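Okay, structure first, notes after.
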Amino acid sequence: MLGAPVTLRVVPAPANHGIVFRRVDIAGAPEIKVCPENWADILPRCTSLRSGETTVSSVEHILSALGGLGVDNAGVELDAVEPPALDGSALPYAEEIQRVGVVAQEDTERRTIELTEAFAVSEEERQLVLLPADALQVTFVYAHPQTAPQIVTLQITPEDYIREIAPARSFCFESEIEALQSLGIGKGASYENVVVIGADGAPSMPLRFPDEFVRHKILDLVGDLCLAGCLPCVFKKTHVMAMRTGHTFHAKFVQALAEKGCLKTAQQPVDVKEIYRILPHRHPMCLVDRVLEYENGKYAIGIKNVTYNERVFEGHFPAQPVMPGVLQVEALAQLAAWLVLQEIGKEGQLGYFRTISKATFRRAVVPGDQLRLEIEVIQRRSTLARIKGQAYVGDALATEAELSIALAPN
């Protein structure tokens, strides 16, 4: 859209990482996770993301290739505001992903959502509907006064995607070019990577499919629905039906799904063995026994069981044992460090306290209590996370604090 030179690299990521863009041309290489709340209305006729002051645009083709091939965890590093346009399709991306191969992350259960009833959003002549089905498929209806209507239904499997969808190229109408250029976009477009449709409906180059236009609309839809997570995983058994929809409508549809709670899935608790895999702490200083639920970049809820046989109680008020407040804050910090470290998947990194502020201790925590740890990410940078934490015994707030965790090599 903007025509800036760019180099893009797709790198492996750990389970539950999702798809995360990383702007390596900006100091600190800030990240933008692909999720409904990071969608931003920045440029017309493409999909953009924003996190803080960092943006990335025209992400739909690389997301489509990742989603179409079933990749749900990856880092996408680029040194400009948007990925390369290539030939206007997702085929070069898909072929390169296939060439290097993908790896199944067998230790973690894949996140899936199974619809039990229809979900639909309509706006004038635009409509998007999800229906329960035996497998993932998309039906798209495309209509424009200058072309014959095109309707197609396609299965979304890696084989079908790369053969039937990925080669379909971007297109526009000759009458739109001047208006698009006046908006400062389309600088990277050419007659080599965009099919231009003349006033008579004739394309500027031979088509790859007789119905290439509607296939490209499906390509875009696959990429946009990845805002909900990897498309074949989230919508594993779904028939997606779209009529005259575009990027903005797709993003608002995913946001509507999120607001209704359709994108939430039950998580298996993370046990102490998995916690030990991420955190360097060991007994008696590992203060997180279980992670009940979490969302990368946002929050985590964990458990610390307070038992009488912990060494600290031998000297800390032994006649009337009380868990030190500093250890309660340490437990919150460990949960925060676990959340950040398991997300970025970097070996040899440790999370260190950088600051503690607004610490308040509201009630005593004693042996036999179960401490419920809740942390929320306030700010996230490549090497720093600011956290708000609260610890509860039952429904009673015991401790709260704001803290920051700095990441550094081990």
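The values are calculated or read from the model by the stated rules, or taken from the named source; none is laboratory data. Just so it is clear, the model here is predicted, and its values are computed rather than measured. Cβ: placed from backbone, ideal geometry, glycine included. Neighbour counts: every protein chain shown. Only protein heavy atoms, including side chains, enter the accessible area calculation; ligands, DNA and RNA are left aside. Shrake-Rupley method; radii C 1.70, N 1.55, O 1.52, S 1.80 Å.
Tabulated values for the structure
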quantity	calculated
Matching residues in the range 18-55 - criterion: being part of a loop (DSSP other than H, G, I, E, B), open to solvent by 20 Å² or more (accessible area, probe 1.4 Å) and farther than 28 Å from Ala104 by Cα	Asp25, Ile26, Ala27, Gly28, Asp41, Ile42, Leu43, Pro44, Arg45, Gly52, Glu53
Failed criterion for Gln379 (all others in (1) open to solvent by less than 40 Å² (accessible area, probe 1.4 Å); (2) in a strand (DSSP E or B) hold)	(1)
Selected residue (criterion: farthest from Asp395 (Cα to Cα)) from residues of the range 334-359 that are of a type in the set (Val, Ile, Thr) and open to solvent by less than 50 Å² (accessible area, probe 1.4 Å)	Ile344
Number of positions in the range 118-138 that are in a strand (DSSP E or B), free of Cβ contacts under 8 Å to residues at least 40 places away in the same chain and either crowded, with 17+ Cβ neighbours inside 10 Å or touching a strand residue (DSSP E or B) at 6+ places or on another chain (Cβ under 7 Å) (or both)	1
Qualifying residue in the range 247-256 (condition: open to solvent by 50 Å² or more (accessible area, probe 1.4 Å) and assigned to a loop (DSSP other than H, G, I, E, B))	no
Any chance Gly75 is under 18 Å from Val11 (Cβ atoms) and not in a strand (DSSP E or B)	no
Evaluation of Gln334 against (1) touching a helix residue (DSSP H, G or I) at 6+ places or on another chain (Cβ under 7 Å); (2) not in a strand (DSSP E or B) (one fails), failing number	(1)
Residue check for Val81: in a loop (DSSP other than H, G, I, E, B) and either of a type in the set (A, V, I, L, M) or within 30 Å of Leu207 (Cβ to Cβ) (or both)	yes
Within the range 321-373, tally of residues that are more than 29 Å from the chain's Cα centre (by Cα), more than 14 Å from Glu400 (Cα to Cα) and free of Cβ contacts under 8 Å to residues at least 60 places away in the same chain	3
Residue in the range 353-375 that is touching a Lys or Arg at 6+ places or on another chain (Cβ under 6 Å), hydroxyl-bearing (Ser, Thr, Tyr) and part of a strand (DSSP E or B) present	no
Residues being open to solvent by 30 Å² or more (accessible area, probe 1.4 Å), out of contact with any Pro (no Cβ under 7 Å at 6 or more places or on another chain) and in a strand (DSSP E or B) - total across the range 280-331	4
Selection within the range 118-172 - of a type in the set (Ser, Thr, Tyr) and farther than 29 Å from Tyr191 by Cα	Ser122, Thr157
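Quick grid of which residues meet (1) of a type outside the set (Gly, Ala, Ser); (2) over 20 Å from Ile301 (Cβ atoms); (3) buried (at least 17 other Cβ atoms within 10 Å of the Cβ):
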site	(1), (2), (3)
Arg363	yes, no, no
Glu374	yes, no, yes
Leu384	yes, yes, no
Tyr392	yes, no, yes
Ala401	no, no, yes
